[in-house]
Amino acid sequence: MHSACRRSTAFNLFRASAADILFKPSVPVRLLRNTKRCLATPTTSQPVSGGHDPTHQRRHPAQHGPHDQGYDHHQSHRAHGRPPQKSPWVLYPGAIVFLGAAGLVAYKTNRPFRHSVLAVVRCSRVAAAAVLGIVDYKMTFSRTHESEEKKAEAYSHCHTRSAHRVLRALLANGGIFIKLGQHMSSLVVLPVEWTSTMRPLQDQCEPTPYEDVEKLFLSDMGRPISELFDEFDPQPIGVASLAQVHVGRDRESGKRVAVKIQHPHLAEFCDVDMDMVEVSLGWIKSFFPSFEFTWLGEEMRENLPKEMDFTLEALNASRLEADFASVRTSLYIPQVMQAEKRVLVMEYIQGGRVDDLAYLARWGIDRNKVALELARMFARMVHLNGWFHADPHPGNLLIRPSPPLSKSPYNFEIVLLDHGLYFELPNELRIDYSKLWLSLMEKNSERVAKERRRLAQRVGNVGPDLYPVFEAAITGRATLEGAWGAEDPEEESSFRRASSMLDMTPPSNEEMEAIRKAVIGKEGLLLSVFDVLRRVPRRVLMVLKLNDLTRNLDHALMTTHSSIRVFLIMAKYCAYAVWQDDRRRLIDEMREKGLMSFGLLFEYFGCWWRYEKLHTQLLVTEAVMDGEAALVKLRAWVRGLRTMGWQGAYRASAGLA
């Protein structure tokens with residue numbers, strides 16, 4: 001029967017016309033299916049004549065099987081009351097196409113479904129990067145290495161790999177994840193491999209298309225751009241993670257204005273992104289308790305809504321201007337002309353970046369004075385006002401020549417931008433932080449060491465075991481004498497530790513190498529850094545960020561004074577803050593007990609004398625350092641004059657050569 005079936009099928013295929021094959025694909029398909037079934041079914045041999053069974057048509061219908069030639073599948077299914085079966089090769093692709101189309105329609109039209117899809121994708125990116133990084137850390141720290149140099153190199157590579165994984169995830173997610181990376185780049189206690197990797201996020205922001213900007217104006221302002229501005233540049237002059245800035249000319253006043261516009265998509269995805277950040281960090285904490293970053297999610301949850309409300313930014317700018325109203329300062333706050341939740345119109349300021357040395361030299365601005373004025377501005381905010389700008393990176397600081405009627409004591413003004421996020425220090429925390437800085441200025445002794453640890457506990461919520469990490473984060477240098485107690489680290493033999501901040505010399509190569517090895521070469525110390533980040537109050541972390549900005553700008557400006565010059569300014573404000581607090585306290589007690597309380601009078605004059613003595617010492621030290629800085633600049637001028645003439649002298653004194 002097998003051979004007969006093969007001959008019969010071959011004959012039928014031979015008889016099929018070209019039209020049948022081309023226009024009736026069911027014919028060859030059915031014949032091929034019969035061939036397969038015939039070959040697979042064993043039967044008894046039958047007499048064949050011309051390839052056809054003469055007895056086939058005379059059999060009872062019940063004797064017909066599915067493999068018999070001429071069998072009608074559709075007729076059989078109808079006889080048994082079953083619908084015809086379709087090929088799975090048709091059903092499966094059809095189902096996939098249908099589900100894909102339905103999912104696309106739901107994604108475009110149903111907001112909860114779209115948010116759920118995006119949440120899963122974004123969360124998986126961050127979680128995957130974090131988990132791979134943690135596993136990488138665990139494996140790297142568990143290996144043995146041939147030497148300390150190989151060990152430090154391996155740890156540094158591990159930091160870099162992990163940071164790049166997180167960077168790719170943040171860039172892919174965009175939105176507030178960029179803001180998260182920007183915040184990580186400013187954490188002074190993180191390894192430099194992390195901060196340097198995250199720093200490009202300051203400039204990695206995509207602008208909102210102009211068409212979406214026009215729609216936002218119609219929805220938020222109720223009027224098109226053409227009715228509000230005579231001119232409006234469609235290309236933004238600056239793009240950040242939350243907003244972008246355009247330049248225009250206000251139709252009503254005729255003034256050039258800067259128009260800050262929030263990215264429209266943030267409002268839709270803000271809650272989803274914040275949930276996903278918290279969920280991702282929660283997963284990391286569950287599987288790897290030592291690597292806890294949940295505080296980052298908590299901080300974003302609290303502060304991001306404030307940054308996204310531009311009416312609050314206008315109020316912050318007004319309050320800061322009032323705080324400095326009675327102070328002769330170089331600080332300038334642009335005037336706010338109109339503020340809505342997602343649109344802010346303010347005075348347009350033309351100037352250069354505060355660390356642009358060529359711009360400073362062109363306008364004859366002393367870079368040393370710029371660094372010191374920045375230190376005064378932020379020290380007043382923190383130590384006297386107790387309310388400070390929390391995002392003062394160089395992109396938010398402009399400098400320009402002083403215009404007529406300026407109250408600046410110098411020939412320049414420093415313009416502070418982006419007032420979306422401010423922190424307030426409670427009075428007790430502000431005074432304790434000022435006292436901590438003053439204790440760091442004192443020479444080390446047993447009493448001073450105990451006082452430093454006590455104040456660190458009150459300010460940063462860190463115990464003696466974490467105090468060295470916290471001190472290094474505050475000063476940006478290796479720890480002072482006595483910071484480690486009886487367990488001094490092995491790196492101490494490579495350089496001499498200062499007894500106080502005033503004893504510090506410019507950082508040597510040995511000191512910087514010791515810091516680098518300590519941060520990247522010790523698993524226990526790295527976990528201590530994470531523990532400090534978890535314990536320290538958020539507002540204190542922002543103060544540390546301010547300190548780091550002041551130090552970095554002093555370095556970027558190529559100042560010729562000592563590296564501790566900016567600390568002297570901070571010490572002056574700390575001393576004044578403590579004296580004013582003591583003065584108010586003692587006056588209140590005198591009002592209750594009477595002026596004849598000789599004990600209170602004695603204490604009052606004692607506090608005053610300590611303040612005046614310290615203030616005078618700081619003034620003398622400042623004068624000496626400023627004289628030394630002037631000599632350094634003069635020597636650079638003379639050297640430039642000898643080697644390159646007048647132009648060389650100008651460039652050398654300006655720090656350009």
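The values are calculated or read from the model by the stated rules, or taken from the named source; none is laboratory data. Everything numeric in this text was worked out from a predicted model, so none of it was measured. Cβ sites come from the backbone with ideal geometry, for glycine too, and all protein chains shown count toward neighbours.
Before moving on, here are some points about what is shown:
- Residue in region 397-404 that is farther than 23 Å from Ser318 by Cβ and in contact with a Leu (Cβ under 7 Å, 6 or more places away or on another chain) present: no
Residue-wise test of (1) more than 27 Å from the chain's Cα centre (by Cα); (2) over 30 Å from Ile225 (Cβ atoms).
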position: Ala322; (1), (2): yes, yes
position: Gln350; (1), (2): yes, no
position: Asn368; (1), (2): yes, yes
position: Ile399; (1), (2): no, yes
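- Filtered residues of region 401-414 (kept if outside any loop (DSSP other than H, G, I, E, B) and touching a residue at least 60 places away in the same chain (Cβ under 8 Å)): Phe412, Glu413, Ile414
- Which numbered condition Met558 misses (of (1) in contact with a Leu (Cβ under 8 Å, 6 or more places away or on another chain); (2) modelled with pLDDT of 85 or more; (3) closer than 30 Å to Ser185 by Cβ; (4) in a helix (DSSP H, G or I)): (4)
- Qualifying residues in region 431-446 (those that are charged (D, E, K, R) and modelled with pLDDT under 95) - the one nearest to Asn547 (Cα to Cα): Glu442
- Residue in region 416-444 that is surrounded by the fewest Cβ atoms within 10 Å (Cβ to Cβ), counting only those that are closer than 15 Å to Gln580 by Cβ, out of contact with any Gly (no Cβ under 6 Å at 6 or more places or on another chain) and of a type in the set (D, E, K, R): Glu428
- Filtering region 325-339 to residues that are surrounded by 18 or more Cβ atoms within 10 Å (Cβ to Cβ) and in a loop (DSSP other than H, G, I, E, B) leaves Thr329, Ser330, Ile333, Pro334.
- Residue within region 205-212 that is in a strand (DSSP E or B) and either under 15 Å from the mean Cα position of the chain (by Cα) or of a type outside the set (S, T, N, Q) (or both) present: no
- Residue in region 449-469 that is modelled with pLDDT of 80 or more, of a type outside the set (Lys, Arg) and over 32 Å from the mean Cα position of the chain (by Cα) present: yes
- Flag for Arg583 being free of Cβ contacts under 8 Å to residues at least 60 places away in the same chain, part of a helix (DSSP H, G or I) and within 16 Å of Gly655 (Cα to Cα): no
- Selection of region 220-242 for residues being surrounded by 11 or more Cβ atoms within 10 Å (Cβ to Cβ) and either closer than 14 Å to Gly254 by Cα or polar (S, T, N, Q) (or both) yields Ser226, Leu228, Phe229, Asp230, Glu231, Phe232, Ser241.
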